[in-house]
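Read through the structure below, which is laid out as structure tokens, and then see the notes.
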There are 2 protein chains.
Amino acid sequence: MITIAIDAMGGDHAPQVPIQAVNQAIDKYPQVQFKVYGDQTKITPLIRTDQRIEVIHCDEIIDNEDDPVRAVRTKKESSMVKAARAVKEGEADVLLSAGSTGALLTAGLLIVGRIPGIDRPGLMPVIPTISSEHPHLILMDAGANADTKPINIQQFAVMANVYARQVLNIERPRVGLINNGTEASKGSQLSKEAYALLSELDSIHFVGNIEAKNLLNGEIDIAVTDGFTGNAILKTLEGSVKSLVSLLKSTFKSGGLLTKIGAFLIKNPLKNTLENLDDSKQGGAVLLGVKAPVIKAHGSADEEAYFNAIRQSIHVIESQAVVQITNYFSD
Amino acid sequence: MITIAIDAMGGDHAPQVPIQAVNQAIDKYPQVQFKVYGDQTKITPLIRTDQRIEVIHCDEIIDNEDDPVRAVRTKKESSMVKAARAVKEGEADVLLSAGSTGALLTAGLLIVGRIPGIDRPGLMPVIPTISSEHPHLILMDAGANADTKPINIQQFAVMANVYARQVLNIERPRVGLINNGTEASKGSQLSKEAYALLSELDSIHFVGNIEAKNLLNGEIDIAVTDGFTGNAILKTLEGSVKSLVSLLKSTFKSGGLLTKIGAFLIKNPLKNTLENLDDSKQGGAVLLGVKAPVIKAHGSADEEAYFNAIRQSIHVIESQAVVQITNYFSD
């Protein structure tokens, strides 16, 4: 039986969305049980069945306004901290939350704890590409670390490689280092040293440097970089897609009758296309490098996105990705 | 009289595009003369008039395959090096090239030379936003430096501020520091120290940290960051716009008859919208911090884009932006 600890109070639509997703998953996945952390008076009426769902009441909530480190240290009765503690104590296998990213990373680090041998865990989203042959791009680190050393980037590559193989079933993932040019001699002090460390690794298929303009075309499966750059790239992607969609909308809105008819005719195919860019289909971003998977769903996740994150949580546990990572670094 | 040194052999369509743009500019700007560097046998037949156009023959070309530093040091007879030397020796006021970015940055640094008091020049593109009220975003440094110190970021802000005021006529440019969160306490060691230095400056209107997802919505006029992150952001933007456009195209192409009719009806308004995202309307990216402006046009620039870069070159000289920067740092 797989046990998922749900921080039911995290996210813009908590606890409704997490609970709806749990209700949906309970039928679909008989091998799974849930420990749901949060305000019992709000949660209990939403739950469809008490089979394999246990609600653990929590008095506190950590929100986006809280200072992450202080909140995790002081709000001991919060849903996020109690869910993380359940994972740490082996009462649950994986932690899922749509709450504050900073607090969740902190809870992962301070409560769940690092895998021995890993200096810094990394945050790993799976981003949809425009390639039908290679539809996934793993980005690591997308922001768990503000300051990164070359050895951290090497470890990110190893962890992401295990994930790509075990969870995404990519046989021989192509790993690229994000850099300001493709030549081996290019880059910052950090990226040059990371390049050397990645070249030394036999366990990964390192294909060299990649420029950020080529991330979405399916050239590589895994892009590793420092957490500051990775965070900027992820947010630039998010912002540019949003900006483009809003530009398209205002173009159609301000156009004449023919434009409006045209927009009506392409609406559905366009919607399908844009949905392919929605990374919540893959679930959430995984904090890898801690003793149990910690998965961050989007704060704005709807029921479907949250359900995808539950499916992903199950998949990560069943694939034994964290076990493999732990074994790798214990050698 | 303003003298523009043109590296006519740089870019994908050299020397045709640069010369066509020069031909167009010579009538429009009577206050301008051109020194055109490159292969005389190719250039002379393309030139429409020899009024205010001087062709200086060059035997060599620096291309994108060349190692930038070695090429600038050894290819003394190349069009780029000779054009840069003309600027250095006061025979021209500004250097314009669509050639190798790396080589042009090197030529700017090694030949034109730094302004005293400026540690590292920065590369500054002007990026179109989706805000009609604030249509321009200056990004600095977009990749002149692989490794950046806090003081460099402070100097980028001062230089970009002068450019925004003098060239883009923004009265009180809002300067933001790209960071992994908006709180003042956020960020890497580098961004925290840069934050402190930016806060100390009375000469700029520093509005604090900005996340990369909000760069295109007009919140700020100038985004400063280290050159590695800035390069990744610029390239992510480039790649995501390209990917989205290619997705739209394949959506329309693979759709049924109604989708195709719809696509036909929205084609022109969509084209206009996407053209607004084309940063070549602003000209090229400016290397600021060297003794004379060095302007990099896109390698793929067409005649119009190159003409825009000529117009921008004139504007930068007439606005005396570099003189003002020099005065600021000489105090």
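Within segment B:147-169, being under 19 Å from B:V294 (Cα atoms) and either within 14 Å of another protein chain (Cβ to nearest Cβ) or part of a loop (DSSP other than H, G, I, E, B) (or both) holds for B:N152, B:V167, B:L168.
Given the condition under 28 Å from A:A212 (Cα atoms), at the interface with chain A (Cβ under 7 Å from one of its Cβ atoms), under 19 Å from the mean Cα position of the chain (by Cα) and among the small types (G, A, S), answer yes or no: does some residue in segment B:236-243 qualify? Checked against the condition, which is being under 28 Å from A:A212 (Cα atoms), at the interface with chain A (Cβ under 7 Å from one of its Cβ atoms), under 19 Å from the mean Cα position of the chain (by Cα) and among the small types (G, A, S), segment B:236-243 yields at least one hit.
Every residue in segment B:290-299 that is surrounded by 24 or more Cβ atoms within 10 Å (Cβ to Cβ) and in contact with a Phe, Trp or Tyr (Cβ under 9 Å, 6 or more places away or on another chain), please. Selection gives B:A297 alone. Mind listing just one residue for me: the one in segment A:271-289 that is at the interface with another protein chain (Cβ under 8 Å from one of its Cβ atoms) and without any contact (Cβ under 8 Å) to a residue 12 or more places away in the chain and, of those, surrounded by the fewest Cβ atoms within 10 Å (Cβ to Cβ)? Per the criteria, the residue is A:N272. Candidates are the residues of segment A:246-259 that are within 7 Å of another protein chain (Cβ to nearest Cβ) and among the hydroxyl-bearing types (S, T, Y); the one that is surrounded by the fewest Cβ atoms within 10 Å (Cβ to Cβ) is A:S246. Scanning segment A:218-232 for residues that are within 7 Å of another protein chain (Cβ to nearest Cβ) and not small (G, A, S) yields A:F228, A:T229, A:N231.
Of everything in segment A:39-66 that is among the basic types (K, R) and farther than 21 Å from A:S100 by Cα, the residue that is modelled with the lowest pLDDT is A:R48. Flag: B:V224 does not match the condition of being surrounded by fewer than 19 Cβ atoms within 10 Å (Cβ to Cβ), at pLDDT 95 or above and either within 23 Å of the chain's Cα centre (by Cα) or in the same structural domain as B:Q189 (by the TED database) (or both). Is it the case that segment B:275-295 has a residue that's out of contact with any Pro (no Cβ under 9 Å at 6 or more places or on another chain) and over 29 Å from B:A14 (Cα atoms)? No, segment B:275-295 contains no residue that is out of contact with any Pro (no Cβ under 9 Å at 6 or more places or on another chain) and over 29 Å from B:A14 (Cα atoms). For the condition more than 28 Å from A:L237 (Cβ to Cβ), more than 11 Å from chain A (Cβ to nearest Cβ) and either touching a residue at least 40 places away in the same chain (Cβ under 8 Å) or surrounded by 22 or more Cβ atoms within 10 Å (Cβ to Cβ) (or both), B:V316 qualifies.
Here B:S243 meets the list (1) buried (at least 22 other Cβ atoms within 10 Å of the Cβ); (2) at pLDDT 90 or above; (3) touching a Leu at 6+ places or on another chain (Cβ under 9 Å); (4) of a type in the set (G, A, S) almost entirely, failing just condition (2).
Restricting A:K76, A:K35, A:K82 to residues that are under 21 Å from A:P293 (Cα atoms) and in a helix (DSSP H, G or I) narrows the list to A:K82. Might you let me know whether segment A:97-112 holds any residue that is more than 18 Å from the chain's Cα centre (by Cα), surrounded by fewer than 23 Cβ atoms within 10 Å (Cβ to Cβ) and of a type outside the set (A, V, I, L, M, F, W, C)? Looking for residues that are more than 18 Å from the chain's Cα centre (by Cα), surrounded by fewer than 23 Cβ atoms within 10 Å (Cβ to Cβ) and of a type outside the set (A, V, I, L, M, F, W, C), one finds none in segment A:97-112, hence no. Evaluated against (1) outside any strand (DSSP E or B); (2) free of Cβ contacts under 8 Å to residues at least 24 places away in the same chain, A:E54 falls short on exactly one condition, (1). A:G262 meets all of the listed conditions (1) buried (at least 20 other Cβ atoms within 10 Å of the Cβ); (2) within 14 Å of chain B (Cβ to nearest Cβ); (3) under 18 Å from A:H136 (Cβ atoms) but one, namely (3). Taken over segment A:12-38, the criterion of being over 19 Å from A:G99 (Cα atoms), of a type in the set (S, T, N, Q) and surrounded by 15 or more Cβ atoms within 10 Å (Cβ to Cβ) is satisfied by A:N23, A:Q24, A:Q33. Checked against the criteria, A:D302 does not count as modelled with pLDDT under 85, over 20 Å from A:I222 (Cβ atoms) and surrounded by fewer than 22 Cβ atoms within 10 Å (Cβ to Cβ). Just for segment B:125-141: of the residues that are more than 10 Å from chain A (Cβ to nearest Cβ) and assigned to a loop (DSSP other than H, G, I, E, B), which one is nearest to A:T182 (Cα to Cα)? Top of the filtered list is B:D141.
Determine whether segment A:192-205 contains at least one residue that is within 11 Å of chain B (Cβ to nearest Cβ), under 25 Å from the mean Cα position of the chain (by Cα) and not small (G, A, S). No: segment A:192-205 contains no residue that is within 11 Å of chain B (Cβ to nearest Cβ), under 25 Å from the mean Cα position of the chain (by Cα) and not small (G, A, S).
The values are calculated or read from the model by the stated rules, or taken from the named source; none is laboratory data. Remember, it's a predicted structure, so these values are computed and weren't measured experimentally. Please note: Cβ atoms are built from the backbone with ideal geometry, for glycine as well, and neighbour counts cover all protein chains shown.
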